[in-house]
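Everything on this sheet refers to the single structure shown next.
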Amino acid sequence: MLYDKKVVNILERAKAGIPLSKDDCIYFLNFDEYTIEASLMRSVASQIIRERNENSGIIIGQIGVETDQCPGNCKFCSFGEDHTSFQKWRISDEDLEFKINDFCKHDDLYGLYLMAMHNYNLDFYLETVKKSRKVLPKSTQLWANVGDSPLENFQEIKKAGISAIYHVCRIGEGEYTNLKPENRIQTMKNALDAGLEVYTCCEPIGPEHSIEEIVENIFIGIDLNCYQHAAMRRVAVPGSPLAKYGQITELRLSQIVAVVALASIAMSNTKYIGVHEPNELSYISGANIITAESGSNPRDTKEDTSKNRGFDMSTCRKMLYECGFDKIKRGDETTIDLNLDYLYKTESL
Ligand code: SF4
């Protein structure tokens with residue numbers, strides 16, 4: 001036999017809706033990323049997620065609305081106060097409106113994150129949310145990416161027009177960051193208590209992390225019932241202290257994406273799996289969320305990431321198309337046929 005029967009047994013169970021356990025995840029991540037076992041797992045993950053979602057992908061946007069020297073001081077982030085070259089900056093109303101209109105020109109953006117620093121000013125953030133909601137099409141959801149927050153902040157943020165947050169308890173939280181893992185997890189609980197959805201990610205994965213560490217991190221989100229999950233590799237940001245360890249390859253990242261997808265499928269509403277940064281291998285391994293970015297970005301040293309690492313909307317549409325997705329979904333779950341005509345119409349080719 002080309003591969004172990006155990007591989008088939010676990011994948012057949014996954015096809016029947018039984019998610020990977022922690023032990024299953026460890027088992028699959030112990031295969032090298034180029035093996036038949038890893039490839040088989042990628043295919044099954046991709047098929048399950050595509051079948052749940054009419055073979056559609058979603059495009060989400062992120063706008064960094066401020067930068068500062070951040071006391072979170074994460075050793076992988078370009079804003080960490082001990083190593084950053086960023087100065088305090090806030091987005092202007094004109095720039096915010098311009099960036100939103102740019103993302104939404106063709107009304108195919110599923111959701112938009114407004115990203116602030118760990119220590120953010122709630123009044124400024126609420127104003128930014130309200131201004132954004134006025135400009136955004138109704139078919140685009142508005143989401144928050146902010147630092148650790150109490151319940152009251154999330155209640156206000158929800159009232160202003162936010163429906164979900166992105167939050168993570170990172171691998172090495174408290175060791176490579178000045179933040180406490182328990183506060184990160186409590187923040188996710190606070191958001192859930194405020195009636196917000198919580199989207200999470202296993203991040204930032206570096207070559208030095210053990211398989212067990214990665215799997216434990218994946219299950220933080222699963223145990224909290226975060227039904228939108230993802231994987232992100234750590235980018236070796238020049239000048240950041242952890243850059244010396246380098247990066248995992250996109251091939252390895254896609255294997256982790258497949259494990260995240262197969263471990264998350266117990267939640268019937270898990271239809272969208274993300275990967276950072278976007279790459280084709282992960283879109284044939286279970287991922288179907290692609291992110292366009294503008295403004296500040298912790299993985300970039302340029303003030304406006306859209307001029308450097310960040311993908312624009314055209315690149316996102318084209319990558320989803322090339323990876324075989326038939327449709328793009330909007331935030332109200334309506335769909336757009338993704339074909340060559342659409343790429344020409346949206347100037348994506
Ligand atoms: S990752 Fe977030 S909390 Fe950490 S330094 Fe960067 S902005 Fe601050």
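The values are calculated or read from the model by the stated rules, or taken from the named source; none is laboratory data. Note that the structure is a prediction, hence the values are computed from the model and not measured. Don't worry about glycine lacking a Cβ; one is built from the backbone with ideal geometry, like all the others, and counts go over all protein chains shown. These accessible areas exclude ligands, DNA and RNA; they are computed on the full protein's heavy atoms, side chains included. Shrake-Rupley method; radii C 1.70, N 1.55, O 1.52, S 1.80 Å.
Counting only residues that are within 30 Å of residue 139 (Cβ to Cβ) and basic (Lys, Arg), the stretch 150-187 holds 2 of them. Taking the criterion of being of a type in the set (Phe, Trp, Tyr) and either free of Cβ contacts under 8 Å to residues at least 60 places away in the same chain or more than 13 Å from the ligand (Cβ to nearest atom) (or both), the only residue of the stretch 163-182 that qualifies is 166. Among the residues in the stretch 61-81, are any surrounded by fewer than 18 Cβ atoms within 10 Å (Cβ to Cβ) and away from the ligand (no atom under 16 Å from the Cβ)? For the stretch 61-81, residues surrounded by fewer than 18 Cβ atoms within 10 Å (Cβ to Cβ) and away from the ligand (no atom under 16 Å from the Cβ): absent.
Residues that are β-branched (Val, Ile, Thr) and assigned to a loop (DSSP other than H, G, I, E, B) within the stretch 38-81 comprise just one, 65. The residues in the stretch 232-254 that are within 24 Å of residue 59 (Cβ to Cβ) and assigned to a helix (DSSP H, G or I) can be counted, and the count is 4.
Residue-level check: of (1) out of contact with any Cys (no Cβ under 9 Å at 6 or more places or on another chain); (2) among the polar types (S, T, N, Q); (3) open to solvent by 40 Å² or more (accessible area, probe 1.4 Å), residue 56 misses just (3).
Selection of the stretch 319-331 for residues being open to solvent by 30 Å² or more (accessible area, probe 1.4 Å) and within 19 Å of the chain's Cα centre (by Cα) yields only 330.
If you scan the stretch 152-162, which residues turn out to be out of contact with any Gly (no Cβ under 7 Å at 6 or more places or on another chain), in contact (Cβ under 8 Å) with a residue 24 or more places away in the chain and open to solvent by 50 Å² or more (accessible area, probe 1.4 Å)?
Taking the stretch 152-162 as the starting set, the residues that turn out to be out of contact with any Gly (no Cβ under 7 Å at 6 or more places or on another chain) are 152-157, 159-162.
The next check asks that each one be in contact (Cβ under 8 Å) with a residue 24 or more places away in the chain; those that pass are 153-157, 160-162.
Result: 155, 156.
Taking the criterion of being touching a residue at least 40 places away in the same chain (Cβ under 8 Å), open to solvent by 10 Å² or more (accessible area, probe 1.4 Å) and more than 20 Å from residue 277 (Cα to Cα), the residues of the stretch 196-215 that qualify are 211, 212, 213. Residues to consider are 133, 52; find the one that is under 25 Å from residue 326 (Cα atoms), in contact (Cβ under 8 Å) with a residue 24 or more places away in the chain and basic (Lys, Arg). Unique residue meeting the criteria: 52. It is to be established whether one or more residues within the stretch 35-56 are within 16 Å of the ligand (Cβ to nearest atom) and either hydroxyl-bearing (Ser, Thr, Tyr) or at pLDDT 95 or above (or both). No, that holds for no residue.
Residues that are under 30 Å from residue 87 (Cα atoms) and touching a helix residue (DSSP H, G or I) at 6+ places or on another chain (Cβ under 9 Å), at least 1 per element: which helices (runs of 4 or more DSSP H) completely within the stretch 258-349 meet that? Answer list for the stretch 258-349: 313-322. Only one of the listed residues (312, 304) is without any contact (Cβ under 8 Å) to a residue 12 or more places away in the chain, surrounded by fewer than 23 Cβ atoms within 10 Å (Cβ to Cβ) and farther than 21 Å from residue 214 by Cα. That residue is 304. When the stretch 1-36 is filtered for residues that are open to solvent by 30 Å² or more (accessible area, probe 1.4 Å) and part of a helix (DSSP H, G or I), the ones remaining, listed by number, are 5, 6, 8, 9, 12, 13, 15, 22, 23, 26, 27, 36.
Here residue 248 meets the list (1) farther than 12 Å from residue 29 by Cβ; (2) open to solvent by 10 Å² or more (accessible area, probe 1.4 Å) almost entirely, failing just condition (1). Among the conditions (1) under 23 Å from residue 322 (Cβ atoms); (2) buried (at least 20 other Cβ atoms within 10 Å of the Cβ), residue 277 misses just one, which is (2).
I want to confirm something. Restricting to the stretch 82-125 and keeping residues that are in a loop (DSSP other than H, G, I, E, B) and within 21 Å of residue 152 (Cβ to Cβ), which single residue is nearest to the ligand (Cβ to nearest atom)? Quick ask: steps written out before the conclusion?
First, the residues of the stretch 82-125 that are in a loop (DSSP other than H, G, I, E, B): 82-88, 91-92, 105-110, 116-121.
Next, from what is left, pick out any that are within 21 Å of residue 152 (Cβ to Cβ): 116-121.
Values: 116: 9, 117: 5, 118: 4, 119: 8, 120: 10, 121: 14 Å.
If we take residues in the stretch 82-125 being in a loop (DSSP other than H, G, I, E, B) and within 21 Å of residue 152 (Cβ to Cβ), then 118 is nearest to the ligand (Cβ to nearest atom).
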